[in-house]
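Inspection log for the structure reproduced underneath, given as structure tokens.
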Amino acid sequence: MKLNIKLKLRPLYRPIVRWLLFFRYDTYYVMGGSEKRLSLGRKVGCSNTLFNVGSGDISVGNYTIFGQNVVVNTGIHIFHQGERAGLRSVISGKSWGGGAEEVPDTGYDVHIGSGCFICSGAIIVGPVRIGDNSIVGAGAVVTKDVSRGSFVAGVPAKLICRTDDLFKDGAG
């Protein structure tokens with residue numbers, strides 16, 4: 001009897017659960033510029049991902065997934081002679097900083113290929129390219145290009161192995 005009730009209720013609660021999961025797991029935030037600078041492919045899964053497009057464009061290929069709290073950052077602050085380039089205008093003005101003299105508009109693009117898995121807590125700092133079918137380990141900080149089919153981890157991120165080698169024994 002109990003199983004029969006569950007089966008009858010399943011069509012009712014599945015859409016509600018899917019709707020809630022959409023907002024929990026497919027959320028992302030764009031800061032530093034226009035959302036037009038972000039290009040997401042088909043079926044990209046974001047879990048509270050922050051995309052900073054302040055100093056470049058970000059493109060993500062199809063079927064790439066992000067773990068929780070990933071940061072993809074193009075924003076950079078320029079320093080001259082050991083001081084933030086816009087610091088004097090911050091001190092003498094009402095601004096908190098930034099501006100064209102300190103934060104460039106272009107030059108720090110991030111491209112993430114298709115079929116990638118960016119694990120929770122990873123930070124990607126442009127300009128970088130991450131090749132198709134690559135894995136970025138949890139908490140890794142990517143500051144250099146990652147070739148196709150690589151598994152990188154650490155701070156800074158370094159090659160651990162090729163994704164082809166991960167499940168050679170057929171497990172997984």
Margin query: For a quick check: sort Phe151, Phe79, Phe117 by the number of other beta carbons within 10 angstrom, fewest at the front.
Written below: Phe79, Phe117, Phe151
Check: Once phi is turned into ³J(HN,Hα) by the Karplus curve 6.51 cos²θ - 1.76 cosθ + 1.60 with θ = phi - 60°, what whole-Hz value does each residue of region 127-137 show in order, with x for glycine and proline?
Finding: x, 8, 10, 10, x, 3, 6, 9, 10, 10, x
Check: Long-range amide H contacts for Gly33: which residues qualify at under 5 Å (H placed 1.01 Å from N, peptide plane, sequence gap of 5 or more or a different chain)?
Finding: Val53
Item checked: Karplus (6.51, -1.76, 1.60) ³J(HN,Hα), θ = phi - 60°, over region 60-72, in Hz, Gly and Pro reported as x -> 10, x, 5, 6, 8, 10, 10, x, 5, 6, 8, 10, 10
Check: With the radius of gyration and the Kirkwood radius both derived from the Cα set of region 30-154, what is their ratio Rg to Rh?
Finding: 1.03
Note to self: Past 31 Å, Cα to Cα: identify those pairs from Lys94/Lys144; Lys43/Lys94; Lys43/Lys158, in the order given.
What the structure shows: Lys94/Lys144; Lys43/Lys94
Check: Over all distinct Cα pairs, what is the inverse of the mean 1/r for region 85-141, reported as the Kirkwood hydrodynamic radius in Å?
Finding: 13.7 Å
Note to self: To make sure I understand the rule: partners must be aspartates and glutamates, Cα under 13 Å from the Cα of Lys36, and not fewer than 8 residues away in the same chain. Which ones qualify?
What the structure shows: Asp57
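Among the trypsin sites (Lys or Arg not before Pro) in region 80-120, which ones are in a DSSP loop with at most 11 other Cβ atoms within 10 Å of the Cβ? Mind listing them?
Passing both the DSSP loop test and the Cβ count: Lys94.
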Item checked: Distance from region 152-166 to region 73-151 (C-alpha centre basis), Å -> 20 Å
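No lab work stands behind these numbers, since they all come straight from the coordinates. Only a predicted model underlies this, so the values are computations on that prediction, with no experimental measurement involved. Quick reminder, even Gly has a Cβ in these numbers, built from the backbone with ideal geometry, and neighbours come from all protein chains shown.
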